[in-house]
Amino acid sequence: MGTRFRYVADDALRAENPDWYPECHVCDAVGTVYPMRATVRLGDGQTEDISAVCESCLNTGINIEYEFNFKENVLKYFKRDSSNEDPKTLMLQALERLAHNPRPAKCVQGFDWPLCCNDFCEFLGSPANAEAYEAFRIDARFWVGGPAGKHLSRNFLVEGPPELWTEVSFFRCSHCGKKHYIDQYT
Ligand SMILES: [Zn+2]
Ligand SMILES: [Zn+2]
């Protein structure tokens, strides 16, 4: 688990380039901001699409409007736990925790974040090359809004490298250690 952000490993945490993102899109404070492509509901009740957010806003928690079927999708992967808590309550608690994290994974096809053991996984970064990708995915689960067949993901050793390695995002479950990856490209 990350020490700054629960679902982002410390060494995978990257601030945005200040030339592109000089200020927080929620509070407008000038300073270090992190990637956060999301629709949020601001204090005045209006929704706004934002791209960058400061640590202070993340720590306070931001009011995210999730994409149309994201909640319905992830709810399927929550199971009643040992405390016999309702899966929907567990999901809402996990979403509340997730709202305190930046979104470093590139999700050009729509927001996604792997789930395991009733919790969101920790983002670990992207592969540096095809060998690193193959080494990771050998015992990892491919995730497309849910577990998906690995044959549906790309094989860069055969196809050649992607346009950007950040199209691939690696994750790990902080509870069982299981690895997961997503691959989103245009
Ligand atoms: Zn802010
Ligand atoms: Zn797990």
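Every read-out reported here was derived from the displayed coordinates using simple, explicitly stated rules and does not represent laboratory data. Only a predicted model underlies this, so the values are computations on that prediction, with no experimental measurement involved. Note that each Cβ is placed from the backbone with ideal geometry, even for glycine, and that neighbours are counted across all protein chains shown.
Search the structure for amide H atoms under 5 Å from the amide H of residue 122, placed 1.01 Å from N in the peptide plane, and list their residues when 5 or more places away or on another chain.
172, 173, 174
How many angstrom separate the Cα center of segment 1-16 from the Cα center of segment 40-119?
Segment 1-16 and segment 40-119 have Cα centres separated by 16 Å.
So for segment 86-142, considering every pair of alpha-carbon atoms, how many percent are separated by more than 16 Å?
Here the long-distance tail beyond 16 Å is 55 percent of all Cα pairs in segment 86-142.
Binned at 5 Å from 0, what are the whole-percent values of the Cα-Cα distance distribution for segment 28-121, short to long?
Distribution as computed: 2, 12, 22, 24, 18, 12, 6, 2, 1 percent.
Checking the a/c ratio against 1.5 first, then a/b against b/c, what shape does the Cα gyration tensor give for the chain?
Note, shape of the chain comes out oblate.
With charges set only on the Cβ (+1 for Lys and Arg, -1 for Asp and Glu), what does the dipole of segment 90-145 come to about its Cα centre, in debye to the nearest 20?
160 debye
How big is the dipole moment of segment 28-186 about its Cα centre under a simple scheme where the beta carbon of each Lys and Arg is +1, that of each Asp and Glu is -1, and everything else is neutral? Debye, nearest 20, please.
540 debye
Just rank 33, 74, 108, fewest to most, by other beta-carbon atoms within 10 angstrom.
108, 74, 33
Ranking 107, 121 by Cβ neighbours within 10 Å, fewest first, what do you get?
In order of increasing Cβ crowding within 10 Å: 107, 121.
Any idea how far apart residue 3 and residue 158 come out in nm if each label point goes 7 Å out from Cα toward Cβ?
Each label point lies 7 Å from its Cα, and together they span 4.3 nm.
In which sequence would 68, 111 go, from the one with the fewest C-beta neighbours within 10 Å to the one with the most?
Ascending number of Cβ neighbours within 10 Å: 68, 111.
Run the reach check for residue 71 against aspartates and glutamates, Cα to Cα strictly under 15 Å, same-chain hits fewer than 8 apart removed. What comes back?
86, 96, 112, 119
When the helices in the chain are scored as -39500 (n - 2.57) per DSSP H run of 4 or longer and the sum is shared across all residues, what 222 nm value do you end up with, to the nearest 500 deg cm²/dmol?
Calculated at 222 nm, the ellipticity per residue is -5000 deg cm²/dmol.
Could you work out the relative contact order of the chain? I mean the mean sequence separation of Cα pairs under 8 Å and 6+ apart, divided by the number of residues, in percent.
Normalised by residue count, the contact order of the chain is 20 percent.
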